[in-house]
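The block underneath contains the structure these notes are about, expressed in structure tokens.
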């Protein structure tokens with residue numbers, strides 16, 4: 001699945017989704033599957049929201065390929081296509097690949113510059129990956 005709009009000035013899921021989309025995805029990642037009414041009720045704990053609004057956004061998320069919709073009797077049940085962890089993994093990989101394709105080594109330099117206060121174990125994993133890449137290219 002391709003999320004077309006990445007928002008640099010947002011944080012978390014809001015980089016990929018609008019506010020209501022992000023809320024719905026979080027609810028479904030926590031619940032595994034729910035009906036539109038079930039999602040609406042969870043959102044309404046914080047603020048009132050129209051059923052049709054929730055239905056429209058959930059159907060758009062199906063069209064975007066992030067939710068799966070199945071019918072159970074007369075009820076539509078929605079579930080995430082991927083776990084939250086897999087979604088973030090896939091989207092960050094695609095974003096990195098796109099940046100690398102377009103900007104090459106500049107991206108790597110900026111990523112390394114951003115590692116100033118990183119956990120030492122991450123640096124060790126990166127060193128291992130670099131060694132493996134060098135071996136594979138030999």
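Computed from the coordinates by the stated procedures, all read-outs in this text should not be read as laboratory data. Quick caveat: nothing in here was measured; it's all calculated off a predicted structure. Using ideal geometry, Cβ is built from the backbone for each residue, glycine included, and neighbour counts are taken over all protein chains shown.
Using Cα atoms only, what is the angle between the long axis of helix 120-137 and the major principal axis of the chain, expressed in degrees (0 to 90) to the nearest 10?
That helix lies at roughly 70 degrees to the long axis.
Does anyone have the angle between helix 19-31 and the longest principal axis of the chain? Alpha-carbon axes, 0 to 90°, nearest 10?
Its long axis makes an angle of about 90 degrees.
Sort out for me the Cα centre separation of segment 13-43 from segment 68-138, rounded to whole Å.
The two parts, judged by their Cα centres, are 23 Å apart.
Work out how much length residue 127 to residue 60 would gain on full extension: take 0.36 nm times their residue separation and subtract the Cα-Cα distance, in nm to one decimal.
20.0 nm
Residue 52 versus residue 35, label points 7 Å from Cα toward the beta carbon: distance in nm?
Spacing of the two 7 Å Cα→Cβ label points: 2.0 nm.
Once the piece of chain linking residue 10 and residue 75 is laid out straight, how much longer is it, given 0.36 nm per residue of separation minus the C-alpha distance between them?
Working: separation 65, 0.36 × 65 = 23.40 nm, distance 3.44 nm.
Between residue 10 and residue 75, full extension yields 20.0 nm more.
Subtracting the Cα-Cα distance from 0.36 nm times the residue separation, let me have the gained length for residue 136 to residue 103 in nm, one decimal.
Gain in length upon complete extension: 9.6 nm.
To the nearest 500 deg cm²/dmol, what mean residue ellipticity at 222 nm is calculated for the chain from DSSP H runs of n ≥ 4 alone, each contributing -39,500 (n - 2.57), summed and divided by the residues?
Numbers: 6 runs with 81 residues, N = 138.
Here the helix-only value at 222 nm equals -19000 deg cm²/dmol.
So what is the relative contact order of the chain, in percent, for Cα pairs below 8 Å that sit 6 or more residues apart?
Computed value for the chain: 19 percent relative contact order.
With a ≥ b ≥ c the root eigenvalues of the C-alpha gyration tensor of segment 12-80, is it rounded (a/c under 1.5), prolate (a/b larger than b/c) or oblate?
Cα axes put segment 12-80 in the oblate bin.
Using only Cα atoms, tell me the angle between helix 51-63 and the longest principal axis of the chain; keep it within 0 to 90° and round to the nearest 10.
Once rounded, the angle reads 40 degrees.
Among (i) -0.63, -0.84; (ii) -0.52, -0.73; (iii) -0.55, -0.81, which is the computed log10 I(q)/I(0) by the Debye sum over Cα atoms at q = 0.12, 0.15 Å⁻¹?
(i)
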